[in-house]
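Bear in mind these aren't lab numbers, they're just calculated from the coordinates by the rules spelled out. Only a predicted model underlies this, so the values are computations on that prediction, with no experimental measurement involved. In this analysis, Cβ positions are derived from the backbone assuming ideal geometry, glycine residues included, and neighbour counts consider all displayed protein chains.
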Amino acid sequence: MIPLSWYLIFAAILFCIGLYGVLVRKNAIAILMGIELMLNSVNINLIAFWRYRSPDGIAGQAFAIIVFAVAAAEVAVGLALIISIYRRRSSVVADDMNLMKW
Amino acid sequence: MNFISDPITFIANWLGNLLLSWGLSQTFVTVILKFIGAGLVGTFGFALVIFTIWLERKLYGRIQDRLGPNRVGPWGIFQTFPDMIKIFTKEYITPVGADKVVYNLAPILSVSAVLLTWAVIPFAPTIVGTEVNVGVLYLVAVGAIGALGIILAGWSSNNKYSLLGAFRAVAQVVSYEVPMVLALLVPVLLGRSMGVNSLVNAQSVWFIVLSPIAALIFFTSSMAETGRAPFDLLEAESELVAGYQTEYSGLKFGMFYVGEFLHAFTISALTATIFFGGWRGPWTEQVPILGVAWFFIKTFIVYFVVVLIRISMPRLRIDQMLNFNWKFLTPLALVLLVLTAVLDKAFYLVLPSLNLLEAAIPWVRAGMHLLLNLFIVIITVQLLKSYKIKSVQVVAKPKPIAVAPEPPASVIS
Amino acid sequence: MTPEQIIFLIVAVVTLVAGVSVVTSRNLIHSALWLILALFGVAVFYVLLEAGFFAVIQVIVYIGAIAILFIFASMLTRRVMQDTGHQSNKNWWLGALIAFGLLVGITLVLVNWQGFTSLAPVLANQSERLSQLGLALVSPDLYVLPFELASVLLVAAMIGAIFVAGEKKQ
């Protein structure tokens, strides 16, 4: 049988890989990919906790569905913004969007 | 259980006992059996294509008043084998600058997306690849994987026109998933389950009687998903050379070709299963294996309609197709879903006070849903009439192109 | 080692390798493809956790829509077909340090929790779970409010994305 610890450690590693991607990559689209990895690891955590701690309840599953919807909405808006920025500035490198820096 | 009532379990048990008697462990035997089952499902799909390609070409020819293939074997039934040999022996030409991994992966994704669908279609009450209780959603999911194969094929060819063709193709495929899912939700609502075998079990009255509009929307959007005419903009043979498949040759193109034919047959199988009752027919309770025969008869009838539509209709433009989807099919599917849900709930609330016979309830329910569908059709036709083009707008009068000029007076006299 | 554990380990290794390739790949389209593999691995995990509905929703929403969005956005925002050059920041070592530190911190917190190595309880009434989830999402004393708010959010995101990324009419 698979203990809960395996799922939690796996989700933690996936979360940290996503965090590395967000902090380190130059391309704005690659940063969004890192955010997607983080959201997926959160979902795995939610479903694992639902399965192991309260399989008769429904809170874990409902929360996971809301996370799916929010992730989809966020990716749509994020990519729309990146495409719009590309049209103005011809670049999607995150370091180049520094007009608001002092 | 014996072979007639439950063939798959019978064969699986016999094979499992055989492998156990050779000294393998139980879990290993289970894994081997599952792999054999999956391999059989895939091989069955390909074997069907060999017959389907011949059928389509023969029908195509006959409807166009010519003979179709008739040289290789009686009535040309072995025609597919020379075609396969020809495609196998062609050279693979990889374009310069193409991304090799993605270029080779795209046809595999396209074909596997279609083969995966055959895992959940029930052929008989007990012959089904795997019984998933979210089977209908699984069908939508593997359709989404097919769209991925298309965009990868277009991008990895390093060809502007392939990329444009792939963009249009993915726009079409992803757009038509929306009314397909909404139309699939209507049988799920009426059959109270998402598993495909449960839907067939719930069809004491076929769902096409209960909801013909949902059947038509599902059929149309599935044809658009596949890229069959009149939606065959994906590989329009007379424009864009071959769309996203331009740079593929040999067996890779053969996989796209096989995938498309298998997909057309698969949507016939799905329509027959979900809306026409699948394996249901007379004498299926006594002899469950007879369900296979009923299933194939219904599937081939629907496939005949698919080929008929392909042969006889001209191609749609991309903006006509997308307008049709977003401005007509999606609102219609949404309205149908909401009204069907309301009617079904109202019917079950009113039912105890009606004192109907036990056997007549499904038929009364079917009649009420059919009336609702007719009502929606009448209202839709009335609404469409108000969008008719009122008059042709006159932009300019035709000017004469060539008029002989008046000869100057000095020349005449 | 039960077969479930073997499957878990194989899928976990594949998903983590895919995740690392997402954040270290030079070509953006290759990153998107590795992301698809990682998302598919997560879908297999949902099946292992006996949440088959979520596995299918994961494939439809993430792989069928979000990954295609990523591929489209990568194709629309690049000037040449090939992308070269280093893809990481100047301070990539600091990012790696922070990520590793967070991993160590989470592991320490989890190890000291008493429920860490619990095994899965046996599930009953499998067929009712899907309808139970559906009822929970629309019943007034359960989760109808987050559900409706999520739908409003999706409509707002759709309108916002069309407006932001649409062509400005001259």
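Express the relative contact order of chain B as a whole percentage, based on alpha carbon pairs under 8 Å and six or more residues apart in sequence.
Once divided by the residue count of chain B, the mean separation gives 18 percent.
For every other residue with a beta carbon closer than 14 angstrom to the beta carbon of B:V196, add +1 if it is Lys or Arg and -1 if Asp or Glu, then tell me the sum.
+1
Using the charge dipole of the protein assembly as shown (Lys, Arg: +1 at Cβ; Asp, Glu: -1 at Cβ; taken about the Cα centre), state which of B:V335, C:F72, C:F40 has its Cα farthest towards the positive end.
Towards the positive end, the residue furthest out is C:F72.
Who wins for biggest fluctuation among A:A28, A:A11, A:A80 in a Gaussian network model of chain A, springs between alpha carbons below 10 Å?
The residue that fluctuates most here is A:A80.
With a cap of 11 neighbouring Cβ atoms within 10 Å, and only residues DSSP puts in a loop, list the chymotrypsin sites (Phe, Trp or Tyr not before Pro) found in region B:333-411.
B:Y387
Mind checking the dipole of the protein assembly as shown: about its Cα centre, +1 per Lys or Arg Cβ, -1 per Asp or Glu Cβ, Debye to the nearest 20?
1680
Per 0.36 nm of contour for each residue apart, how much would the distance between B:I297 and B:F347 grow if the chain were fully extended, relative to their Cα-Cα spacing?
Additional length available on full extension: 14.7 nm.
For region A:72-102 and region A:1-44, what is the separation of their Cα centres, given in Å?
Taking the Cα centre of region A:1-44 as reference, the centre of region A:72-102 is 22 Å away.
What is the ratio of the Cα radius of gyration of region A:4-96 to 2.2 N^0.38 Å, with N the residue count, to two decimals?
Compared with the compact-globule rule of thumb, region A:4-96 sits at 1.31.
Which longest uninterrupted range of chain B lacks any trypsin sites (Lys or Arg not before Pro) assigned by DSSP to a loop state (not H, G, I, E or B) and surrounded by at most 10 other Cβ atoms within 10 Å?
Formally, the longest exposed-site-free interval is B:72-316.
With a Förster radius of 60 Å, plug the Cβ-Cβ distance of C:S151 and B:A404 into 1/(1 + (r/R0)^6) and report the FRET value to the nearest 0.05.
It comes to 0.25.
What distance in nm separates the simple spin-label points at B:L40 and B:Q286, each placed 7 Å from Cα in the Cβ direction?
2.7
Taking every residue in C:15-25, how many Cβ atoms of other protein chains lie within 10 Å of its Cβ, on average?
Other-chain Cβ atoms within 10 Å of each residue's Cβ, averaged: 6.
Quantify how strongly other chains surround peptide C:41-47 by giving the mean number of their Cβ atoms within 10 Å of each of its Cβ atoms.
Per residue, the number of nearby Cβ atoms from other chains is 4 on average.
As a check on your grasp of the helix formula, calculate [θ] at 222 nm for chain B: sum -39500 (n - 2.57) over DSSP H runs of n ≥ 4, divide by the residue count, round to the nearest 500.
Using -39500 (n - 2.57) per qualifying helix, the result is -21500 deg cm²/dmol.
For B:K90, which lysines qualify as cross-link partners when the Cα separation must be under 23 Å and same-chain residues fewer than eight apart are set aside?
Within the straight-line limit of under 23 Å, B:K90 reaches these lysines: B:K100, B:K252.
Taking the convex hull of the alpha carbon atoms in region B:134-254, what volume per residue do you get, in Å³?
Hull volume over Cα atoms, normalised by residue count, gives 105 Å³.
What distance in nm separates the two pseudo spin-label positions at B:T30 and B:K327, each 7 Å out from Cα along the beta-carbon direction?
5.6
For region B:86-152, state which chymotrypsin sites (Phe, Trp or Tyr not before Pro) are in a DSSP loop and have at most 15 other beta carbons lying within 10 Å of their beta carbon.
Those that pass, being in a loop and sparsely packed, are B:Y92.
Using the Kirkwood formula over every pair of different C-alpha atoms, what hydrodynamic radius in Å results for region C:1-80?
Hydrodynamic radius (Kirkwood, Cα pairs) of region C:1-80 is 13.4 Å.
Quick check: net charge around B:W294, other residues with Cβ under 15 Å of its Cβ, Lys/Arg +1 and Asp/Glu -1?
So the environment of B:W294 carries a net charge of +1.
Convert each backbone phi in region B:246-258 into a coupling constant with the Karplus relation 6.51 cos²θ - 1.76 cosθ + 1.60 (shift: θ = phi - 60°), then list the ³J(HN,Hα) values in order as whole Hz, x for Gly and Pro.
Per-residue couplings from phi come out as 4, 8, 9, 9, x, 5, 5, 5, x, 5, 4, 4, 4 Hz.
Could you state the angle between the C-alpha long axis of helix B:160-191 and the longest principal axis of the C-alpha atoms of chain B, as a value from 0 to 90 degrees rounded to the nearest 10?
Here the helix axis deviates by roughly 50 degrees.
Rounded to whole Å, give me the distance from the Cα center of region B:249-306 to that of region B:196-223.
A separation of 14 Å, based on Cα centres.
In debye, nearest 20, what is the charge dipole magnitude of chain B about its Cα centre with +1 on Lys and Arg Cβ and -1 on Asp and Glu Cβ, if you could check?
The dipole of chain B has a size of about 800 debye.
Give me a comma-separated list of calculated 3J(HN,Hα) values for region B:284-297, in order, Karplus coefficients 6.51, -1.76, 1.60 applied at θ = phi - 60°, integers in Hz, x for any Gly or Pro.
Each residue of region B:284-297 in turn: 7, 5, 6, 10, x, 5, 5, x, 4, 5, 4, 4, 6, 4 Hz.
Using a Förster distance of 51 angstrom, determine the FRET efficiency expected from the C-beta separation of B:I8 and C:T107, and round it to 0.05.
Calculated transfer efficiency: 0.65.
Ratio of chain B's C-alpha Rg to 2.2 N^0.38 Å, to two decimals?
The reported ratio for this selection is 1.21.
Taking square-rooted eigenvalues a ≥ b ≥ c of the alpha carbon gyration tensor, is region C:126-170 rounded, prolate or oblate, where a/c under 1.5 means rounded and, failing that, a/b exceeding b/c means prolate?
Prolate.
How would you classify the protein assembly as shown from its alpha-carbon gyration tensor, with a ≥ b ≥ c the square roots of the eigenvalues: rounded for a/c under 1.5, else prolate if a/b is greater than b/c, otherwise oblate?
Note, shape of the protein assembly as shown comes out rounded.
Find which of B:V29, A:V92, B:T126 sits farthest along the positive direction of the dipole of the protein assembly as shown, computed with +1 on the beta-carbon of Lys and Arg, -1 on that of Asp and Glu, about the Cα centre.
A:V92
Sequence gap at least 6, Cα distance under 8 Å: using those rules, report the relative contact order of region C:1-80 to the nearest whole percent.
Reported relative contact order: 26 percent.
Less than 19 Å apart at the alpha-carbon level, and either on another chain or at least 8 residues along: which aspartates and glutamates does that give for B:K160?
Of all the aspartates and glutamates, those that pass the test against B:K160 - Cα under 19 Å, at least 8 places apart if same chain - are B:D99, B:E235, B:E237, B:E239, B:E247, C:D83.
Ignoring GluC sites (Glu not before Pro) that are buried or in helix or strand per DSSP, and keeping those with at most 11 other beta carbon atoms within 10 Å, what is the longest stretch of chain B between them?
After excluding every exposed loop site, the longest remaining stretch is B:92-236.
Label region B:91-159 by shape, choosing from rounded, prolate and oblate, from the square roots a ≥ b ≥ c of the eigenvalues of the Cα gyration tensor; if a/c is under 1.5 it is rounded, and otherwise prolate applies when a/b is larger than b/c, oblate when it is not.
prolate
Figure the gain on full extension for B:V335 and B:V72 (residue separation times 0.36 nm, minus the Cα-Cα span) and round it to one decimal in nm.
89.6 nm
Using unit Cβ charges (K, R positive; D, E negative) and no other charged atoms, how large, in debye to the nearest 20, is the dipole of region A:49-102 about its Cα centre?
120
Taking the alpha-carbon distance from B:K327 and a cut-off under 18 Å, which lysines remain once sequence neighbours fewer than 8 residues away in the same chain are dropped?
Qualifying lysines at Cα under 18 Å: B:K385, B:K388.
List the equivalent ellipsoid semi-axes of chain C in whole Å, largest first, each obtained as the square root of 5λ for an eigenvalue λ of the Cα gyration tensor.
Ellipsoid semi-axes (Å, largest first): 33, 28, 17.
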